[in-house]
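S.K.: Please find one structure pasted underneath; my questions will follow.
The values are calculated or read from the model by the stated rules, or taken from the named source; none is laboratory data. This is a predicted model, so every value here is computed, not measured. In this analysis, Cβ positions are derived from the backbone assuming ideal geometry, glycine residues included, and neighbour counts consider all displayed protein chains.
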Amino acid sequence: MKSLNFSSRDIVCGALFILVGLFFAVQAYGLELGTAVRMGPGYFPFVLAGILVILGIIVIIQGTQIEHEPMGPIAWRGMLFILPAPVFFGLTVRGLGFVPSLFLTALIAAFASTKMRPGMALLLVGGLTIFSVVVFSYALGLPFRRFGPWLGQ
Amino acid sequence: MELFNNLVLGFTTAGAPWNLFFCLVGVILGTLIGVLPGIGATATIAMLLPITFQLEPVSSLIMLAGIYYGAQYGGSTTAILINMPGESSSAVTAIDGYQMARKGRAGAALAIAAIGSFFAGTVSTVLVAVFAPPLTAIALKFGSAEYFSLMIVGLVSSIALAHGSVVKALGMVVLGLLLGLVGTDIYTGTPRFNLGILELSDGLNFVALAVGVFGIAEILRNLENEHDRDVMIKKVTNLWPTKQDWKEMTAPILRGTAIGSALGILPGGGAILASFASYTVEKRMSKTPEEFGKGAVAGVAGPESANNAGAQTSFIPMLTLGIPANPVMALMIGAMIIQGIVPGPNVATEQPALFWGIIASMWIGNLMLILLNLPLIGLWVKLLTIPYYMLFPAIIAFCSIGVYSVNSNVFDLYAVAFFGLIGYVLAKLRCEPAPLLLGFVLGPLLEEHLRRAMIMSRGDATTFVTRPISLTLLLLAAAVLVVVLLPSIRKKRDEVFVED
């Protein structure tokens, strides 16, 4: 007996479509749907959500027919360092101020690469910070505090 | 005569020192990111979008446009020199361009690409100037039904141009539309899908979404397996094409320009499709088709002219209708909105200096590119060797600064990280971000026009097929959809996209 070749990629993708579709459908159903003439805030999103669920089902069905294809490497290290970087900037830009916050943000991001050496990173990020302060803060005049209240200024 | 006056207005606007400066900044930045690995025009424009808020509307749009077509130039440089198309529209150029480079004719290949691009850029600038006003006049007659149908054409075309599964691309469009509806319903003021988060009541931030799915997700993908690029050509000499080259390139440039201009106008069409179409045509018309793939001059001249012409004319739907033909145009529309300009047919009448200034700046920008790139080619070759790990910390930093400066709202930075993750997951699942972004921009507009059209027709859904323009557009959309779903063409399309 020939076994089915499930494509895990398509199963996940289809499931994601269905889940997101259901989420929007439930939310939209809670709003006023209205009629086709006078559509309420829930009408259009409800229809779209329905379409997304159907598309998700089709993706899964297609996934059971296509041969399995490996997912490839996943950038775990990249995610670990890249994704927190903008969040860190958001958390500290007001408190620490633009200069230290940006320096640390770029430093965190720099270690996402396995090829980055600490000395290199400091040099690179230092240069980047100076460049950014000159361009964004002085030349373009973006209204950032260069050093924030957490540093006693 | 009116055309002449308009062009004079355009060139006076674009020729003002300040605007010339930003045009130059744009094309240099564009070439730079076209040459550098791992960052494309879409991510760069998304990143710089908030910063342009500080500039005059004309200057900012001129600069952003410069980045777009500058990136096309830079992309073909890497395609020729290291067989790595910097932008997907120069994927075809790599086939014959790289072979020319291997035969020691890198200089000639670069010059042919530049000359073809410049010629195409000149012709298509004139075309934009000639066709934009009549199209604007038609667009002014558009009712909600027509707008709805036109947006359907745009969305369907973006599906046609996505790689891989059509169903997934369709899913991306729908997901984008839904994300675009997050916030507050414009008709009733009812909050929806905001999960009780106050910051979401104005909707998701477009810049945060674009930076996340194009910028951050792209970096994550590049970090999956890091490898250095081999640059075989260290020095480029003999830039000027030979007499034989001139003879071989003239006709392909003319044909490429025509093909590119025509395909660029179609919403969702644009540069990528144009370059592939031109390559196919040249190969078919050539007396020596066996030369293709081994360094045929026509294989560089045709596609390069076509992608530049297509990039240029894709401004037509954006400028006249306010409908984006590709993600970059969606960002340009975002830039207009940030500046308080309502995109659409009224831009030409209410902001003539802006409208014609952008058009004129395209020609000036193309001239700058040819004057700049050929002499500076040595510098670009050096830049090719910058390793990726030295670049992405800067990209992250600029993304963070850019997004934060839109509204000085830290919530947007958390959204960037969130959409970066989503974008990466979607990329892993082979879902393209471009249709998602188009859907996101068009979502609220699509709903608004659908609801308005239904109210106007008193709930009669046939309004979309009884109005001639609307019907034509819907038939066009249906035709595109049928074409992509046809098995034989799907196979061809898969082959075409195999390059990336």
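S.K.: Among the numbered conditions (1) at negative phi; (2) not in a helix (DSSP H, G or I), tell me where residue B:139 comes up short.
M.R.: Evaluating residue B:139 over (1) at negative phi; (2) not in a helix (DSSP H, G or I) leaves (2) as the failure.
S.K.: Let me ask another. Here is a check on your reading of the model: is residue A:59 crowded, with 20+ Cβ neighbours inside 10 Å and either of a type in the set (A, V, I, L, M, F, W, C) or not in a helix (DSSP H, G or I) (or both)?
M.R.: Numbers: crowded, with 20+ Cβ neighbours inside 10 Å: yes; either of a type in the set (A, V, I, L, M, F, W, C) or not in a helix (DSSP H, G or I) (or both): yes.
For residue A:59, the condition - crowded, with 20+ Cβ neighbours inside 10 Å and either of a type in the set (A, V, I, L, M, F, W, C) or not in a helix (DSSP H, G or I) (or both) - is met.
S.K.: Evaluate the following for residue A:63: is it more than 7 Å from every other protein chain (Cβ to nearest Cβ), at pLDDT below 95 and in contact with an Asp or Glu (Cβ under 6 Å, 6 or more places away or on another chain)? Break it down into steps so the answer makes sense when it comes.
M.R.: Values: more than 7 Å from every other protein chain (Cβ to nearest Cβ): yes; at pLDDT below 95: yes; in contact with an Asp or Glu (Cβ under 6 Å, 6 or more places away or on another chain): yes.
When the stated conditions are applied, residue A:63 passes them.
S.K.: Considering (1) over 30 Å from residue B:195 (Cα atoms); (2) buried (at least 17 other Cβ atoms within 10 Å of the Cβ), say which one residue B:387 fails and leave the rest.
M.R.: (2)
S.K.: What do you reckon, is residue B:258 at pLDDT 85 or above, within 30 Å of residue B:131 (Cβ to Cβ) and not polar (S, T, N, Q)?
M.R.: Details: at pLDDT 85 or above: yes; within 30 Å of residue B:131 (Cβ to Cβ): yes; not polar (S, T, N, Q): yes.
In short, yes.
S.K.: State which residue is farthest from residue B:25 (Cα to Cα) when the search covers only the stretch B:349-406 and only residues that are free of Cβ contacts under 8 Å to residues at least 12 places away in the same chain and away from chain A (no Cβ under 14 Å).
M.R.: Looking at the filtered set, the residue picked out is B:350.
S.K.: When the stretch B:377-403 is examined, which residues are found to be in a loop (DSSP other than H, G, I, E, B) and among the polar types (S, T, N, Q)? I'd like the intermediate steps shown before the answer.
M.R.: Residues of the stretch B:377-403 that are in a loop (DSSP other than H, G, I, E, B), as a first pass: B:384-387, B:391.
B:385, the sole residue that qualifies.
S.K.: Does residue A:120 fit the bill of being farther than 22 Å from residue A:15 by Cα, surrounded by fewer than 20 Cβ atoms within 10 Å (Cβ to Cβ), touching a helix residue (DSSP H, G or I) at 6+ places or on another chain (Cβ under 9 Å) and of a type outside the set (Gly, Ala, Ser)?
M.R.: Values: farther than 22 Å from residue A:15 by Cα: yes; surrounded by fewer than 20 Cβ atoms within 10 Å (Cβ to Cβ): yes; touching a helix residue (DSSP H, G or I) at 6+ places or on another chain (Cβ under 9 Å): yes; of a type outside the set (Gly, Ala, Ser): yes.
Criteria met by residue A:120.
S.K.: Taking the condition of being at the interface with chain B (Cβ under 7 Å from one of its Cβ atoms), touching a Lys or Arg at 6+ places or on another chain (Cβ under 9 Å) and either in a helix (DSSP H, G or I) or touching a residue at least 40 places away in the same chain (Cβ under 8 Å) (or both), how many residues in the stretch A:9-42 meet it?
M.R.: 5
S.K.: Taking the stretch B:3-35, which residues are of a type in the set (Phe, Trp, Tyr) and surrounded by fewer than 17 Cβ atoms within 10 Å (Cβ to Cβ)?
M.R.: Within the stretch B:3-35, B:4, B:18, B:21 meet the criteria.
S.K.: Quick one: is residue A:127 more than 10 Å from chain B (Cβ to nearest Cβ) and not aliphatic (A, V, I, L, M)? Walk me through it before giving the result.
M.R.: Values: more than 10 Å from chain B (Cβ to nearest Cβ): no; not aliphatic (A, V, I, L, M): yes.
Considered against the rule, which asks whether it is more than 10 Å from chain B (Cβ to nearest Cβ) and not aliphatic (A, V, I, L, M), residue A:127 comes out as no.
S.K.: So, one more: Cβ-Cβ below 6 Å, separation at least six or inter-chain, first residue in the stretch A:136-153 and more than 10 Å from chain B (Cβ to nearest Cβ), second buried (at least 18 other Cβ atoms within 10 Å of the Cβ) and in a loop (DSSP other than H, G, I, E, B): which pairs?
M.R.: Every condition considered, the pairs that remain are A:145/A:97; A:146/A:97; A:147/A:97; A:148/A:96; A:148/A:97; A:150/A:96.
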